[in-house]
Amino acid sequence: YPRVEEIDIDDKGRIWVRRRTATGLALAVWSRNGVQIAMIDAPTPFQKNRPLLIRDEKLYVVVPDADGVPAVVRYRITR
């Protein structure tokens, strides 16, 4: 731990690192110049190799619904 699963870039150039921790999945957010600005516990269990998109202070992820069918969920990013 921690193990990096994926790295994504948002529309403002921030780097979002999906990683496994001892307590589950977390998102580490880094500025364009390499300063870590946030560590967020994942609000839902993201699936590995599923799309994650950050645009206009919103986080979009694909998660399975109650029947196991993939669905897009949108979260608002707040400080």
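The values are calculated or read from the model by the stated rules, or taken from the named source; none is laboratory data. Note that the structure is a prediction, hence the values are computed from the model and not measured. Please note: Cβ atoms are built from the backbone with ideal geometry, for glycine as well, and neighbour counts cover all protein chains shown. Accessible surface is based on the protein model in full, side chains and every heavy atom, while ligands, DNA and RNA are left aside. Shrake-Rupley method; radii C 1.70, N 1.55, O 1.52, S 1.80 Å.
A few notes on this one:
- Sorted largest first, the principal axis extents computed over the alpha-carbon atoms of the chain equal 42, 31, 21 Å.
- For the chain, accessible area per residue (1.4 Å probe, heavy atoms of protein chains only), Å²: 68
- For the chain, with +1 on Lys and Arg beta carbons and -1 on Asp and Glu, the positive-most of 51, 38, 23 along the dipole: 38
- Sulfur and carbon atoms: percent of accessible area, the chain [1.4 Å]: 51
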